[in-house]
Structures are given as C-alpha cells and as structure tokens.
Amino acid sequence: MAPPATVDIILADAATFLEAAPDRAYDVIVLDAFDGDSRLPAALATERFVYDLARVAGSGIAANLVRRTALDAPDPGCEVLAAGLARAADARGGGAFLAGDGSTENAVLFAQLED
C-alpha cells in the first residue's frame, strides 16, 4: 500500500538530515532506526539528535525503541533517546507515552509536542 501523497518518506542519515532541516518542517516524525545488532546508532543516542528531532517535528514524534538488543543486552542509546524525547515533549507543553509490547522487546514512544 502506497502512503498518501501528503506523506514524505525520507531515507537518509537521520542526524545529518535533521541538523539541516528547518524548524517544524514536518507535522509528525516516525523514527525506526537500528543497526545489525538491534542497537540505536550512536549518532541518534545524543542530546543533539533529540534536540534536532524535537525542533523539526511540528506536533508529534513516534520512535520505535528496542529495550533489549539482538545481543540480549539493554540498549543505553534507547534510554537516552526516550528520556530526551520525554523532556522535549514536556518543554513544549506536551507529553510522552511509552507503549511496550509484552511479546517482544520493542516499545514505541509517542511524544506530543505543543506550542
């Protein structure tokens, strides 16, 4: 199924793309980025990336997070991203909700951004 014409799907280096993107360029950003070991790439587990993600998103962010990697170890990068997005949502007058999947190690963080 093709997405509606109003949906932009961008395949790019997320950190580089968002750093250059204008403020609130997209209504909602959906992030699902992992390496071969199910870890969040290091460039996405930084406060700078969280800042740019929240800056470029207009009203919301949905981020797929892996709580345990293919190596059966916690992914600290996902914790950095989740905590940063929760703070960013709070700073913009919104909120964040982490929806875990009991049958897998995944969770989706939904951040609503206001102002």
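To put it simply, the accessible area of the chain at a 1.4 Å probe is 57 percent carbon and sulfur.
Report Rg/Rh for the chain, rounded to two decimals, where Rg is the Cα radius of gyration and Rh the Kirkwood radius. Before the final figure, lay out each step's value.
On the way: Rg = 13.8 Å, Rh = 14.4 Å.
With Rg and the Kirkwood Rh in hand, the quotient comes to 0.96.
Estimated from helices alone, the mean residue ellipticity of the chain at 222 nm is -8500 deg cm²/dmol (sum of -39500 (n - 2.57) over DSSP H runs with n ≥ 4, per residue).
Computed from Cα positions, the angle between helix 76-91 and the longest principal axis of the chain comes to roughly 30 degrees.
Roughly how many Å² is the accessible area per residue of the chain, as a whole number, for a 1.4 Å probe?
59 Å²
When the residues ARG55, ARG39 are ordered by accessible surface, computed with a 1.4 Å probe over the protein chains alone, the sequence from largest down reads ARG39, ARG55. Please determine, in degrees from 0 to 90 and to the nearest 10, the orientation of helix 47-56 with respect to the longest principal axis defined by the Cα atoms of the chain, where the helix direction is its Cα long axis. That works out to roughly 40 degrees.
The values are calculated or read from the model by the stated rules, or taken from the named source; none is laboratory data. Predicted, not measured: the structure shown is a model, and the values here were computed from it. We work out accessible area using only protein heavy atoms, side chains counted, and drop any ligands, DNA or RNA first. Shrake-Rupley method; radii C 1.70, N 1.55, O 1.52, S 1.80 Å.
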